Amino acid sequence: MKVSQKNYKFLFSSTTFRLNLRDTCTFFISYRVLLFKLLLIVPLILILTMFFILFNTGCSILASKGLNIYDKYVDDINTQDKKTEDMQNPENAIDTGQITEESREQIPEETESAVLEEETGIVSDEEITINIYYADSIGEYLIGEARTLSGSGKYVDAIFEMMKDPIDSSLNKLIPETTRINGVKVAEGIAKVDLSQEFIDDRFISDVIDMLLVYSIVNTLTEFKEINSVEFFINGEKLNSLGQFDLEEPLFRRSDLIKG
């Protein structure tokens, strides 16, 4: 059987078409498979990345907590050792929660009494009730709380009381608890208050708070009728300024800062 040239061309064209169609289908199938794989791989990469990030974050948090727990454990051991040492050596024991108690020990009562007797002529064990001053809850005014004091060390005791927590929990003490009271001398109505460097270094730094800090002491000491003004000293040296606050001249009572 002979195939005409016309039929031959048709068959050839049909075969070519089928081959092209097959190649095209193969290409699209391969493309779809590749696309499908990409669609699977991209989410997988994202999931692995998120897992890696979360894993690292979790490890960091655990490490931080573990370190904090370890530090707390070490602190507890050191504290316990310190307490044991203090119990074995009572003469060396220091109440770290009230460093100001050390300040009072630094001023022998006999010396304080002699100073007051020489410079004011006032030595009395008579009890006196005064207000000591703390900052209010927003740090704008001073608010007084009554305290009863007696003895020749009453000026030091008044400042010492200011370093304790107030009865009213909404009030805030102003004097840093690390401060040592070196002494208080009174002459011609002026109280010379000598404090340690911690009074400056450990205070809350703010112009408003500096003013309240200074006048909390001034207003407290001028509760005593024999004191009209206050000067400040740091370890025996005259304190002329605190931040932007001028202390060169003796400071007098400011009732306008007292609330209530």
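The table below lists the values:
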{"item": "Over 22 Å between alpha carbons, listed pairs Lys173/Lys225; Lys154/Lys259; Lys164/Lys238; Lys185/Lys238", "result": "Lys173/Lys225; Lys154/Lys259; Lys164/Lys238"}
{"item": "Net +/- balance of residues flanking Glu231 in space, Cβ distance below 10 Å, scoring K and R +1, D and E -1", "result": "0"}
{"item": "Per-peptide average of other Cβ atoms within 10 Å, ordering 145-151, 225-231 highest first", "result": "225-231, 145-151"}
{"item": "Loop chymotrypsin sites (Phe, Trp or Tyr not before Pro), region 185-260, which have at most 14 other Cβ atoms in a 10 Å radius of their Cβ (DSSP)", "result": "Phe204"}
{"item": "Förster radius 25 Å - calculated FRET efficiency between Phe245 and Glu126 (Cβ-Cβ, nearest 0.05)", "result": "0.15"}
{"item": "Pairwise Cα inverse-distance average, inverted: Kirkwood Rh of region 116-246 (Å)", "result": "14.9"}
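We did not get these values from a lab; they are worked out from the coordinates using the rules stated. Only a predicted model underlies this, so the values are computations on that prediction, with no experimental measurement involved. Note that each Cβ is placed from the backbone with ideal geometry, even for glycine, and that neighbours are counted across all protein chains shown.
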